[in-house]
Ligand SMILES: Cc1cc2nc3c(=O)[nH]c(=O)nc-3n(C[C@H](O)[C@H](O)[C@H](O)COP(=O)(O)O)c2cc1C
């Protein structure tokens, strides 16, 4: 079981080839209406897109076991689960001897005595199905406070979207299979995925997330900083290898006079630019919160790779057959949104309790 949050607490459980993947969500107020249709819409965004995702098909029907009555939260712990229907562990036996480079096999086999590779076990991207359910409930909770979270695909492989994007762009991106902001970028990114896939290879990319409606001062300080809390949750998503806020690493090449976002008044406090991604001192400065998350190329690839044979203690080769996403990025978009919603929901409740 893996936990996120202090006041709205999300607990994740399951493995990719276990009977169920599920979760608990504590702290959702009694009487809050929960729109199951919204949850199903979010889950649909996590499904692989035709042609550029894994052929593993899962119905992803959510069963609520407690905490919901007639579409409303009872105030008790919400418990839900999703059945895994498409599991064939036999193809993974080989990785107990010859671990997949780039996947969690090697450290897991060394760390956990008796560990047996079945899919991606507890490290699998499949567990994000539970994250999306909890995130969707959190999304509905934070919407009551006028806060909206949207993400889109900023880049895949060498195809990068160079335009400034808004929350509305993130909404439009959901019509495109790669979750790119425009149809043109979608077809270029699509091609990048198909080319890698044709070579039995994979590609990575960048998800950008935009949150609107955060009031000035929202967030914490030091280890409770909003950016620190979000980065922690986003880094937990399998295959995430980097998180940057605003202009991030690019800020290092700017002068202070260029990077600082100047303030002005127009129906309240405004900022002329948003180089900081909406965060100052771990709190919202009132501008949209913007961050990017880097996702590595999918580790499981059909190309032959060097590995080791743990039995003979010699060098070996491995080829990963089976059903894998040649690019994780399009499916990661809604997962990034989900953890962001969970962190913000938790922060709302913490701030309310602190008052
Ligand atoms: C939505 C999603 C889908 C994923 N699909 C796959 C996949 O099909 N094959 C694979 O090898 N890894 C996949 N991954 C990534 C692995 O789970 C991840 O790389 C692995 O657990 C090692 O963790 P790390 O990359 O964070 O170090 C996926 C990740 C996500 C978020």
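What 222 nm value per residue comes from the helices of the chain, counting each DSSP H run with n ≥ 4 as -39,500 (n - 2.57) and dividing by all residues, nearest 500 deg cm²/dmol?
Details: 8 runs with 97 residues, N = 355.
Counting only the DSSP helices, I get -8500 deg cm²/dmol.
Pick out which of 252, 166, 182 has the largest mean-square fluctuation in a Gaussian network model of the chain, springs linking Cα atoms closer than 10 Å.
Answer for the Gaussian network model of the chain: 252.
Got the relative contact order for the stretch 106-245 handy, in percent, Cα pairs under 8 Å and 6 or more residues apart?
Averaging sequence separation for qualifying contacts and normalising by length gives 24 percent for the stretch 106-245.
Using only the Cα atoms of the stretch 70-176, each taken as one equal point scatterer with no solvent, compute I(q) by the Debye sum, divide by I(0), and report log10 of the ratio at q = 0.11, 0.17, 0.18, 0.19 Å⁻¹.
Scattering profile of the stretch 70-176, log10 relative to I(0): -0.65, -1.02, -1.03, -1.05.
Treating only the Cα positions of the stretch 150-309 as identical point scatterers, give the base-10 log of I(q)/I(0) from the Debye formula at each q in 0.19 Å⁻¹.
-1.24
For the stretch 13-151, how big is Rg over Rh, using alpha carbon atoms and the Kirkwood form of Rh?
The Rg/Rh ratio comes out at 1.04.
Which whole-number value in Å³ per residue fits the convex hull of the alpha carbons of the stretch 100-230?
Spread over its residues, the Cα hull of the stretch 100-230 gives 170 Å³ apiece.
Which whole-number percentage describes the relative contact order of the chain, with Cα contacts under 8 Å and a sequence gap of 6 or more? Show your work: numbers first, answer last.
On the way: 752 pairs, mean separation 80.5, N = 355.
That works out to 23 percent.
If one computes P(r) from the Cα atoms of the stretch 205-268, what percent of pairs lie at distances over 16 Å? Walk me through the numbers before you get to the answer.
Numbers: 1278 of 2016 pairs.
Cα-Cα pairs in the stretch 205-268 separated by more than 16 Å: 63 percent.
So what's the chain giving for Cα Rg divided by 2.2 N^0.38 Å, two decimals?
Cα-based Rg divided by the globular estimate yields 1.02.
Would you kindly give the portion of the calculated P(r) for the stretch 128-177 that falls above 12 Å, as a percent of all Cα pairs? Could the numbers behind the result be given before it?
Details: 880 of 1225 pairs.
Tail of the P(r) past 12 Å holds 72 percent of the pairs.
What do you get when you divide the Cα radius of gyration of the stretch 1-95 by 2.2 N^0.38 Å, with N the number of residues?
1.25
Springs between alpha-carbon pairs under 10 angstrom, Gaussian network model over the chain: which of 197, 89, 338 fluctuates most?
89
With springs only between Cα atoms under 10 Å, which of 19, 192, 163 fluctuates most in a Gaussian network model of the chain?
Top of the fluctuation ranking is 163.
Only the coordinates and a few stated rules stand behind these numbers; no lab work does. Every value quoted in this text rests on a predicted model; they were computed, and no experiment measured them.
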